[in-house]
Amino acid sequence: SSGINAEYGQMREEAFYSMEGLGRLNPEKLDFYIDYLKFQVEHGFYDGDANLNILKLYQFSPDLITRSSIDNVHLVLVKALMQLPNSDYVFCRAQLSQEMIDDILTKKIESVATLLETCQFPEFWNVIQEEKIFTEMVGFVEAARKFICHVVQLTYKNIEADFLMQLLGPMEDQSDFLRILAENKWDLNGDSVFVGHKEEMVEQKEIIEKMPIEVVTPILAIR
């Protein structure tokens, strides 16, 4: 993998210098950017600026667009979507021509993006099973789970384990679920998962310990 990392480093550097000043819109560099995109897709790397530049070249030099261009557009969009909660996808989508937007797979990617952005996670997992561009994209599932974990952490302190498993999508077995909990430093307590911060847990306990019992009982019943 050190050879692949070195190759990625060289391509990233070439892209960086190619995009300086007016060189950014040099149509002669399009083939390089596309090769670089495919390298990222194959090996799980990401260079959002270079990928966005492919869309800018299509936008400013429409004569560069060929029948296979839409395939590159799809790859750029899916890679950008994997960066949520960052806004890469929004920037990329803004560069598309109406014809590209109307493409069937572009629309499918847009609907998947909407499901993620509106936190309809169980439906998201159902929909992506139908398209190879999602199921075969290196790191896509992991990136989606990372975003879902981000949303869960912002939204909950405690969450039912079964519900959390639904949100996180199909897994091989329980060990995958436990690994995700460990990565996020979340605690499984019986049927629920504590996803808040440890200091919140201590704080909560201290507050409850200082309260009279008639106040504590209904609070504990709610949780």
If I filter the stretch 59-68 for residues that are modelled with pLDDT of 95 or more, among the charged types (D, E, K, R) and assigned to a helix (DSSP H, G or I), do I get at least one hit?
no
Kindly list the number of the only condition in (1) among the aliphatic types (A, V, I, L, M); (2) closer than 18 Å to R93 by Cβ; (3) open to solvent by less than 30 Å² (accessible area, probe 1.4 Å) that fails for I65.
(3)
Contact list, first residue from the stretch 176-195 and in contact (Cβ under 8 Å) with a residue 12 or more places away in the chain and outside any strand (DSSP E or B), second anywhere and open to solvent by less than 50 Å² (accessible area, probe 1.4 Å) and among the small types (G, A, S), beta-carbon distance below 6 Å, six or more apart or interchain, is D191/A161
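Yes/no per residue for (1) more than 21 Å from the chain's Cα centre (by Cα); (2) closer than 21 Å to S87 by Cα:
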| residue | (1), (2) |
| --- | --- |
| M19 | yes, yes |
| N26 | yes, no |
| D35 | yes, no |
| K38 | no, no |
| Y58 | yes, yes |
Being open to solvent by 30 Å² or more (accessible area, probe 1.4 Å) and not hydrophobic (A, V, I, L, M, F, W, C) is the filter here, so list the residues in the stretch 37-59 that pass it.
K38, E42, H43, G44, Y46, D49, K56, Q59
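Would you point out which residue out of T155, T135 is more than 19 Å from W186 (Cβ to Cβ) and among the hydroxyl-bearing types (S, T, Y)? Even if it seems obvious, please write down each step before you answer.
Details: T155 fails: more than 19 Å from W186 (Cβ to Cβ).
After applying the criteria, what remains is T135.
Could you check the stretch 12-31 and list, in sequence order, the residues that are part of a helix (DSSP H, G or I) and open to solvent by less than 30 Å² (accessible area, probe 1.4 Å)? Before you say what the answer is, go through the steps one by one.
Going through the stretch 12-31, the residues part of a helix (DSSP H, G or I) turn out to be 12-18, 21-25, 27-31.
Of everything in the stretch 12-31, those that are part of a helix (DSSP H, G or I) and open to solvent by less than 30 Å² (accessible area, probe 1.4 Å) turn out to be A15, S18, G23, L30.
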All but one of (1) modelled with pLDDT of 95 or more; (2) under 30 Å from C149 (Cα atoms) hold for N5; which doesn't?
(1)
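The values are calculated or read from the model by the stated rules, or taken from the named source; none is laboratory data. What you are looking at is a predicted structure, and each value in this text was computed from that prediction instead of being measured. All Cβ positions, glycine included, derive from the backbone under ideal geometry; neighbour counts span all protein chains shown. Keep in mind that these areas ignore ligands, DNA and RNA; they rest on the heavy atoms of the full protein, side chains included. Shrake-Rupley method; radii C 1.70, N 1.55, O 1.52, S 1.80 Å.
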